[in-house]
Amino acid sequence: MTCLNLVSPASSRYHQLGGVASLLPLPISSRSFCIRESSAVVLSRSLSTSSPSGARRDDNSARVFRRRLSVTSASMAGLPPKPTVLVTGAGGRTGSIVYKKLKERSDQFTAKGLVRTPESKDKIGGAEDVYVGDIRDADSIAPAIQGVDALIILTSAVPKMKPGFDPSKGERPEFYYEEGCFPEQVDWIGQKNQIDAAKAAGVKHVVLVGSMGGTNLSNPLNSLGNGNILVWKRKAEQYLADSGLPYTIIRAGGLQDKEGGIRELLVGKDDELLQTETRTIARPDVAEVCLQALQYEESKFKAFDLASKPEGTGTPTTDFKALFSQITTRF
């Protein structure tokens, strides 16, 4: 058996020592606990391997050991273990905000990210907890989802504007999707792959961010590039709702690049908010709702539209349990 020294949660601090997460006690009442020696032996033997293949085993074994030690330490200290949360689409405009928020709250969450290209990984810091994979290829995303407690899906097809558009001539912009990146491939097949992988890996909660407008086949978003993007998003949402996994489906209104946390949030159903003047929301507010959904049972097995009142009206939302409790729709 291997013994470590622990102090009370209020007086402990984490640090990294030789690649192994440890708890260093401050000089006040401490107590000891023991970790199964088998885990330590596995790490010790792995770290002694000098071959290139052994180096890969070192990295994997160290990751596993750190995760097990973190969980054991929290449990023995009377604290709930931090959930490991993977956000896919972490290189996107909203996904990168979610990833950043997870990293900032390292006392609450262990963050992981999934991006499509090495360039996207570099853009959000290039940390080793960011994986590169293609959601259209189920095998390529499996490593990122292993060991995950919660999954936040923020992947989406992105229409591009055709060049040569001249608004001064009264022309209307035309849009297209890059080859292989149509909504059917990204928003349906790609999200289905993520849901299937989450189920196989035993993920406990999936948060899926979609868009309002899916009840109307004539919604202008469906005509962009002839992609029917809301149709395919809705199909993925239904697949998640039928999967048996605990889920939260957030259908966001028009996304705005504005400051979050300063508006009153509104929830609705069946695109009712699209008929009002309050049908937009700041990206950081969507990101915050994603993280808050992981912390309340009231958010599970629910689907809802999300928007906000204009800045300066209403009261900024801080009680997310009450917000989720308003929602009664499962889909």
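The values are calculated or read from the model by the stated rules, or taken from the named source; none is laboratory data. Computed from a predicted structure; not experimentally measured. Heads up, the Cβs are rebuilt from the backbone with ideal geometry, glycines too, and the neighbour counts pull from every protein chain shown. SASA here: full protein model, heavy atoms, side chains in, ligands and nucleic acids out. Shrake-Rupley method; radii C 1.70, N 1.55, O 1.52, S 1.80 Å.
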- Confirm whether A111 is surrounded by 13 or more Cβ atoms within 10 Å (Cβ to Cβ), more than 13 Å from V87 (Cβ to Cβ) and among the small types (G, A, S). no
- Message: Against the condition within 19 Å of the chain's Cα centre (by Cα) and open to solvent by 40 Å² or more (accessible area, probe 1.4 Å), how does I250 come out, does it pass?
- Response: no
- Item | Residue count, segment 303-318 (criterion: of a type outside the set (S, T, Y) and open to solvent by 30 Å² or more (accessible area, probe 1.4 Å)) | 6
- Note on the structure: Over segment 274-314, the set of residues of a type in the set (K, R) and within 24 Å of R93 (Cβ to Cβ) is R279, R283, K309
- Which residues, counting only those in segment 136-149, are open to solvent by 10 Å² or more (accessible area, probe 1.4 Å) and small (G, A, S)? A138, S140, A142, G147
- Message: Checking T329 against (1) within 23 Å of V231 (Cα to Cα); (2) open to solvent by less than 20 Å² (accessible area, probe 1.4 Å): exactly one of these is not met. Which one?
- Response: (2)
- Message: Checking the condition open to solvent by 30 Å² or more (accessible area, probe 1.4 Å) and not basic (K, R), which residue from G210, G133, G126 passes?
- Response: G126
- If we scan segment 215-222, do we find a residue that is within 29 Å of K100 (Cα to Cα) and not aromatic (F, W, Y)? yes
- Message: Checking the conditions here, which among K300, K233 is at pLDDT 95 or above, open to solvent by 10 Å² or more (accessible area, probe 1.4 Å) and closer than 22 Å to D319 by Cβ?
- Response: K300
- Message: Please go through segment 316-331 and give me each residue that is hydrophobic (A, V, I, L, M, F, W, C) and without any contact (Cβ under 8 Å) to a residue 12 or more places away in the chain, ordered by number.
- Response: A322
